[in-house]
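Okay, structure first, notes after.
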Amino acid sequence: MSGKLTLVGVGPGDPELLTLKAVKAIGAANAVVYPQKPGEKSLALSIAEMHIADQATRLPVNMPMKVERNPAQLAYDEIAAAITSLLNEGKSVAYLCEGDPLFYGSAMYLLERLPEAQIAIVPGITSLTATASAVARPLAARNETLKVLPAPLDDEKLIAELTETQSAAIIKVGRHFDRVRNVLTKTGHADNAIVVEYATQSRQVITPLLDFAKNERPYFSTILCYKGDEAWGK
Ligand SMILES: C[S@@+](CC[C@H](N)C(=O)[O-])C[C@H]1O[C@@H](n2cnc3c(N)ncnc32)[C@H](O)[C@@H]1O
């Protein structure tokens, strides 16, 4: 494989939060690959689009939105095969990842499937730091611990993880919202919990958790919650 693959973090949504290195890698690519949900425009593409060369090939990867692992794993097998062909032709390929490629990102599935490829990784601004900036609140302070917890974890696991934690970010909230809100109420984190939807994007919304009526939230939602000792958490 004489071509090179770059896994490019494109940040949380605001196109101005692309790094200079990301812009350079996107502009230099002969082929740009990006995940998208069926019927929706890819967020990663919309962030990076203005930097893609006119002659570059665009290759969307349709990610099946299923809870089961298998359909997505098959999609990654297919995209790894397509990228391998491009690399064998000597092309430079950029794979766009929303946020950072290795923070709960899909890039890891390519790393494990392409052990022979020359791969560079351009880190991106994560949704974690973007949400903290949006609410102008530290994620954690001094010797406090910060946990990132995926909302699909079951209640028992979430409660066990939260019990000893001052500060947490709950990601992948979506349809788990009501259940997570009940959990945070039980663990004492709900009073200082804030929901950030679409951080850094023009549709960004910030709402205290307890202001919501029951409902699911969009996929691009994160809950920042806190029960530590710092004044900003009161
Ligand atoms: C699979 S993780 C991908 C994280 C991404 N690689 C990153 O570095 O931010 C997707 C989750 O990140 C959070 N997320 C991503 N972008 C976000 C945004 N702009 N605003 C709020 N939450 C976001 C949501 O909780 C979403 O369900």
For His176, His51, His189, give me the order by solvent-accessible area with a 1.4 Å probe, most accessible first, ignoring ligands, DNA and RNA.
His51, His176, His189
Apply the Karplus parameterisation 6.51 cos²θ - 1.76 cosθ + 1.60, with θ equal to phi minus 60°, to every residue of the stretch 18-29 and state each ³J(HN,Hα) to the nearest whole Hz, in sequence, with x for glycine and proline.
6, 7, 4, 5, 5, 4, 5, 5, 5, x, 8, 7
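Which order, highest average first, do 206-218, 125-137 follow once you tally other Cβ atoms within 10 Å for each residue and take the mean per peptide? The partial results should precede the final answer.
Numbers: 206-218: 12.8, 125-137: 19.8.
By packing density, highest mean first, the sequence is 125-137, 206-218.
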Reachable lysines from Lys157, criterion Cα separation under 17 angstrom, eight or more residues apart if same chain
Lys147, Lys172, Lys186
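Could you check how much of the accessible area of the stretch 52-197 is carbon and sulfur, as a whole percent, using a 1.4 Å probe? Intermediate results must be reported in sequence, preceding the final value.
Working: 3750 of 7310 Å².
Carbon and sulfur: 51 percent of the exposed surface of the stretch 52-197.
Where both residues lie in the stretch 128-234, what percent of DSSP beta bridges are antiparallel, nearest 5? Display every interim value, and only then the final one.
Working: 12 of 17 bridges.
Rounded to the nearest five, the antiparallel share is 70 percent.
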Net charge of Cβ neighbours under 11 Å - reference Thr126; Lys, Arg +1; Asp, Glu -1:
-2
Stretch Met50-Glu216 to full length: gain in nm at 0.36 nm per residue minus the Cα-Cα span?
56.5 nm
Go through 194-200, 91-97 and give me the packing order, highest mean Cβ count within 10 Å leading.
91-97, 194-200
Residues of the chain: accessible area per residue with a 1.4 Å probe, Å²:
50 Å²
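Which three numbers, in whole Å and largest first, are the semi-axes of the equivalent ellipsoid of the stretch 24-66 derived from its Cα gyration tensor as √(5λ)? Walk me through the numbers on the way to the answer.
On the way: eigenvalues 87, 20, 12 Å².
After diagonalising the Cα gyration tensor, the semi-axes are 21, 10, 8 Å.
The values are calculated or read from the model by the stated rules, or taken from the named source; none is laboratory data. All values derive from a computational prediction rather than experimental measurement. Backbone-built Cβ (ideal geometry, glycine too); neighbour counts: all protein chains shown. Side chains are part of the model used for accessible areas, which takes the heavy atoms of the whole protein and leaves out ligands, DNA and RNA. Shrake-Rupley method; radii C 1.70, N 1.55, O 1.52, S 1.80 Å.
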